Amino acid sequence: MKKGFVFDLDGVITDTAKYHFIAWRDLAKEINIDVDLKFNEQLKGISRMDSLERILAHGGRSDDFTPEEKAALAEKKNTHYVELLQSLTPADLLPGVHDFLDGAQANQVPCAIASASKNAPFILEKLGVADRFAAIVDPASLHKGKPDPEIFVKAAELLGFQPEECVGFEDAQAGLDGIKACGMYAVGVLSGEPLHGADITVHQLTELDIPELLQK
Ligand code: B16
Ligand code: MG
């Protein structure tokens, strides 16, 4: 019997990947690196600094910047990203999310957020669902990013459960690998790219029956 739900944010609760893309693309352009939508796929679920490192490697510029310059580049991207986030409203919840969170509440299943994003609390406020989550893992408190399972173990712990007692929801392969590595039941949320290793995949949370899911 499952007792808690652990959600990724970007790609599961809302689609912020499009804003990350615009902000990274514009930043990369300034340093003469081209980032397209296909490349952007591999940044999903990856932390801000790791995303920057991947972009620099992609452009063959890994050794061209000091740590201070890299921090400034990441900060610049984030400032642009946060500007883009200002337009978020509850209408930006992905289809079925609102009803699913209602269902979780009705079934007395506490929910947590396991997102690599340091902007998660702000995004949840803008979406009007911050009060639906009993816990939000602070990514700054982690030693390793996804695909390491640490963030999911921490989310379960904050809910007061073992990872095996939780269901994890992810749209990115890195996150899904983390969920499986700690023994959580994994729901893969498909958004184009195939996902490997999920216990079940859906296109929208509306496809799931909560009482049935809790029996897994
Ligand atoms: P920030 P998730 C991730 O969110 C995004 O998918 C990834 O593209 C981003 O780099 C990361 O958050 C960090 O975000 O720059 O806002 O701290 O999928 O783990 O919810
Ligand atoms: Mg995601």
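The values are calculated or read from the model by the stated rules, or taken from the named source; none is laboratory data. If you're wondering where the values come from, they're calculated on a predicted model, not measured in any experiment. Cβ coordinates were reconstructed from backbone atoms using ideal geometry, including for glycine residues, and neighbour counts include every protein chain displayed.
Could you tell me whether ALA186 is more than 17 Å from VAL109 (Cβ to Cβ), not charged (D, E, K, R) and not assigned by TED's automatic domain parsing to the domain that holds SER47? When the stated conditions are applied, ALA186 does not pass them.
Residues are listed down the side, and each one gets a yes or a no for (1) within 29 Å of GLN204 (Cβ to Cβ); (2) without any contact (Cβ under 8 Å) to a residue 12 or more places away in the chain; (3) in a helix (DSSP H, G or I); (4) not small (Gly, Ala, Ser):
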| position | (1), (2), (3), (4) |
| --- | --- |
| PHE5 | yes, no, no, yes |
| VAL12 | yes, no, no, yes |
| ASP26 | no, no, yes, yes |
| ASN32 | no, no, no, yes |
| SER62 | no, yes, no, no |
| LYS70 | no, no, yes, yes |
| HIS80 | no, no, yes, yes |
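With respect to the conditions (1) modelled with pLDDT under 95; (2) surrounded by 12 or more Cβ atoms within 10 Å (Cβ to Cβ); (3) within 24 Å of LEU159 (Cα to Cα), ASN107 lacks only one, and its number is (1).
Of the residues contained in the range 120-130, one or more are found to be within 13 Å of ligand 2 (Cβ to nearest atom), buried (at least 20 other Cβ atoms within 10 Å of the Cβ), of a type in the set (Val, Ile, Thr) and touching a residue at least 60 places away in the same chain (Cβ under 8 Å). Exactly one residue among LEU101, LEU94, LEU27 is among the hydrophobic types (A, V, I, L, M, F, W, C) and outside the structural domain of LEU205 (by TED's automatic domain parsing), and that residue is LEU27.
Screening ALA155 against (1) within 11 Å of ligand 1 (Cβ to nearest atom); (2) farther than 20 Å from LEU43 by Cα leaves a single unmet condition, (1). The residues in the range 34-53 that are part of a helix (DSSP H, G or I), near ligand 1 (Cβ under 8 Å from one of its atoms) and of a type in the set (D, E, K, R) can be counted, and the count is 2. In the range 1-33, the qualifying residues are those that are among the β-branched types (Val, Ile, Thr) and surrounded by 20 or more Cβ atoms within 10 Å (Cβ to Cβ), and the one that is farthest from ligand 1 (Cβ to nearest atom) is VAL6. Mind listing whichever residues of the range 98-146 are closer than 21 Å to LEU88 by Cβ, in a loop (DSSP other than H, G, I, E, B) and not hydrophobic (A, V, I, L, M, F, W, C)? Once the filter is applied, which keeps residues that are closer than 21 Å to LEU88 by Cβ, in a loop (DSSP other than H, G, I, E, B) and not hydrophobic (A, V, I, L, M, F, W, C), the range 98-146 yields SER115, SER117, LYS118, ASN119, GLY128, ASP138.
Applying the criterion of being closer than 18 Å to LEU214 by Cβ and in contact (Cβ under 8 Å) with a residue 60 or more places away in the chain to the residues of the range 164-188, the residue that is nearest to ligand 2 (Cβ to nearest atom) is PHE169. Within the range 150-196, restricting attention to residues that are outside any helix (DSSP H, G or I) and among the β-branched types (Val, Ile, Thr), which residue is farthest from VAL12 (Cα to Cα)? Going through the qualifying residues, I end up with VAL167.
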